[in-house]
Amino acid sequence: MTWPEFGVIALRVVLTFGLLLVLTIINVWLERKVVAGMQSRMGPMRAGPWGILQTVADGLKLFFKESITPRKVELGLYVLAPFLAVVPAFLIFMMVPWGRPFMIGEQEVALQGADLNIGLLFILAMSSMAVYAVVLAGWSSGSKYPLLGAVRGTAQAISYEAALGLAMVAVVMFSATQGDGGTLSLAEIVDRQAGTWGDIIPVLEPILQFVPRWNIFPQIVAFIIFFIAIIAETNRAPFDLVEAEQELVGGFHTEYSGMRFAMFFLAEYVNIFSMCAIAATLFLGGWNGPTFDDALPGFISGILPTVYFLIKTYLLVFIFFWLRATLPRLRYDQLMTLGWKRLIPGALAWLVLSTLVIAFRQFGMPWS
Amino acid sequence: MGLVSEIWKGMKVTGTTMLKTIAIGPFGGSELVTTQYPKETRQKPQRFHGRHVLNRYPDGMEKCIGCQLCAGACPANCIHVRGMDNDPAHPTSPGERFGFVYEINMLRCIFCALCVEACPTEAITMTHLFEMSTTNREDAIYTRDELLMNRDGSVPHMFPDDPLADLDELLVADGWVRATASSGMAAYEGVEAWQATPGPADWAPEPSQEILDARSPGDLDG
C-alpha cells in the first residue's frame, strides 16, 4: 500500500466517523425538539441558538460526573459492556455509502468507511453484537431491574433479528437480478438503484421514467417489515421494553452513570441513525438522485448526493421520533406475538413470493 | 387493518400538534404552552399571592398598629410581631402603638393571605413578586426593614442588583382579595374597599361601619 492510498483510507474513515458524531449530536437535540413540538412544548432553548448545543452541554456534564461502580457488579463485564454498545454502533455506519465518490488527484475517494464485499453480513453481525452489550450490562450489574431489562432485550433481539434478516434477504435477492450477479456490498446495491424504472421496464415508460429505480417499489412489504424490525432492534418506542423507564427504572443501564451511561446513550442514537441510513441505502436508493452535472458547478453536484442521502435518512429518523411521541409501549406478550406470529411468517411468505417471481422471470415458467 | 388505522389516528394528532407548535408555518405557535420564563413572564392573575408588603398612609405614617392579629391568624405560625407605644411627639403610626418588630419567615409562609384578611388597618398586603429564592436560611426571614414600603410609596427589593429583579411586581397589590370578604355583609359584595396598588393611599377614607351597614347594596355605586 502506498502513502496516497493509506491517506485516502484514513480520510474516508475520519470523514465517516466525524459525520456520524456530528449528526448524532444533532439527532439527540432534534429528537427532543420534535417530541417537544408534538407535546406543545418548545424543547431545549437555552444552550446556543434554539438549544442546539444542549447535547454538547449534557455530554460535558456526563463527562465530568463520577462513574459509580456498585459493589455487586461483575467488574470486567461491567466495564466492557458500554464499549460493546458503542463500537458496533459506529462500525455499522462505516459500511454505509453516504455520498458519490470523488477524485483527489488520481485517487478515488469513496464516501464510505469501508466497502466490504460482505457488507450486509457485517451489519447483521454487528447489530447482533449490540445485544451482547445489553445482556452483559444487565447481568453484570448484579441488580434486578437491569437483569429484567437484559432478559427482555435478549428475547426481543432474537425475535426481531430473524425478521430483519429475512427482509434483507429478499432485498439482496431482488438486487441480484438488477445487475451482474448477487452482491452484499452496499456500494454495489446503491449503484444498482441508479436511474429510473423507465430504463428497465419499457412498458408504461412515460410514467415509470419519473419513478426512481429504488428497491422500495418492488419490495414494499420487505421495507415495512425491515422498518418495524429496526425499531425493535434499536430498542426504541414502542419496542423499548429493554429500558422501560416506568417499570424498570432505566432497564439495562440503571446501574451505569457518568461516561459509561453516556456511551450507552450515544450508542442508541448512533444505532438509530445508522439503521435508518441502512434502510435508506437498501430501499430508498442511498445517495442516488438527480445531480444536474451539466447545469450546476461541480462542487454543488458533488455535494447533492450526500444531501439526498441525508434527506432520505432523516425522513426515516423523523418517523422514529414520530412513533416514539405517539405510541404507548407494547406489552411483552404483544411484542412476542408481533415478532413471531406476524413479522417472521410475513417475511417468510414475502421471501418465498419474491423468490418465485424472480425465478420465473429468470428461468421462465416451469411448463415452458 | 384496525391496528394500522388506530396508529395512524394517533400519529395524526401528534403530527398536527407539531405543525401547530413549531413557530413556522401558518399555525405557528398557536398550541405552544411554554413560556421562556426569565426572558418573558406571564400575566399573573389579579389576586396572585406574592411577597408581603407593609403599607403606609399618604402622609408617611405606618399603617401597622402592632396588634398581632396577623400573627394570630397565620396558620403556619410564620409571622412574629411585637408592638410598641408610639412616641407622642414623633408618632410612627396614627394609633397608640406601632409594629416595632415585624418578621415573616418566608420558608414557612404558605401565602394564604389570611394575615391580609385579619389586618384591621390594611397594613399588610401582598404584591405580585414571587422570586424569593435565597442561598441562606436567614435571608428568608423578612424583617420590618425589608417589608415596609418607602415613604414615596415604592417597595424595597431584597436583591435590587439581581438582573432578573422586577421592581414593578412589588408595586402591584393582590387587588380585590377582600372584595367579597370583610364583614360578611352582603352590602360589601363586589365592593373594592381598597386600592389595587400599594403606595400612599389617596382615596377617600372609608365610611364608618355604621354607615356601611345601613347602606343597601344599590347605594354602593354612588
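Summed over all non-identical Cα pairs, the Kirkwood treatment of the range B:34-83 gives a radius of 14.2 Å.
Under 12 Å from the Cβ of A:Asp333, count the other residues' Cβ atoms, weight Lys and Arg +1, Asp and Glu -1, and hand me the total.
Numbers: positive: A:Arg152, A:Arg331, A:Lys341; negative: none.
Local net charge: +3.
Between the exposed loop cleavage positions of chain A, defined as GluC sites (Glu not before Pro) in a non-H, G, I, E, B DSSP state with at most 15 neighbouring beta-carbon atoms within 10 angstrom, the longest gap is A:107-368. Going by the alpha-carbon gyration tensor, a ≥ b ≥ c the square roots of its eigenvalues, is the range A:39-108 rounded (a/c under 1.5) or, if a/c is not under 1.5, prolate (a/b greater than b/c) versus oblate? Oblate, because a/c is 1.5 or more while a/b does not exceed b/c.
If you sort the three axes of the alpha carbon gyration tensor as a ≥ b ≥ c, you get a/c of 1.5 or more for the range A:1-51 and a/b above b/c, which makes it prolate. Hydrodynamic estimate: the Kirkwood radius of the range A:175-280 over Cα pairs, inserted into Stokes-Einstein at 10 °C and 1.306 mPa s, corresponds to D of 95 µm²/s.
Where does chain A land on Rg(C-alpha)/(2.2 N^0.38 Å)? Scaled against compact globular proteins, the figure is 1.05. At 24 angstrom or more along the helix axis (alpha-carbon based) and mean Kyte-Doolittle of 1.6 or higher, what helices does chain A contain? Whole DSSP H runs only. TM-like helix candidates: A:75-94, A:119-140.
Seen from every direction in turn and averaged, the convex hull around the alpha carbons of the range A:95-210 projects onto 11.0 nm². Annotation: amide H of B:Ile124 within the under-5 Å range of B:Asn55, sequence separation 5 or more or interchain, hydrogens built in the peptide plane. With the convex hull drawn around the C-alpha atoms of the range A:263-368, the volume per residue stands at 181 Å³. Each principal axis of the range A:8-83 carries a Cα extent, and these read 43, 43, 22 Å when sorted largest first. For the range A:88-154, the convex hull drawn through the C-alpha positions has a volume of 92 cubic angstrom per residue. Scaled against 2.2 N^0.38 Å for its residue count N, the alpha carbon radius of gyration of the range B:1-142 is 1.73.
Taking the DSSP bridge list for the protein assembly as shown and keeping only pairs wholly inside it, about 95 percent are antiparallel.
The residues packed around A:Arg213, meaning those with a beta-carbon under 9 Å from its beta-carbon, carry a net charge of 0 if Lys and Arg are +1 and Asp and Glu are -1. Using the Cα coordinates of the range B:44-119, the gyration tensor eigenvalues translate into equivalent-ellipsoid semi-axes of 24, 15, 9 Å, sorted from longest to shortest. Applying 1/(1 + (r/R0)^6) with r as the Cβ-Cβ distance of B:Arg47 and A:Ile68 and R0 = 41 angstrom yields a FRET efficiency of 0.30.
Would you work out if the range B:115-154 is rounded, prolate or oblate? Take a ≥ b ≥ c from the square roots of the eigenvalues of the alpha-carbon gyration tensor; rounded if a/c is under 1.5, else prolate when a/b is larger than b/c, oblate otherwise. In terms of gyration-tensor shape, prolate.
Among the chymotrypsin sites (Phe, Trp or Tyr not before Pro) found in the range A:171-216, those both in a DSSP coil and sparsely packed, with 11 or fewer other Cβ atoms within 10 Å of their Cβ, are A:Phe210.
We did not get these values from a lab; they are worked out from the coordinates using the rules stated. Predicted model, so just to flag it, every value in this text is computed and none were measured. Here the Cβ is made from the backbone with ideal geometry for all residues, glycine too, and neighbour counts use every protein chain on show.
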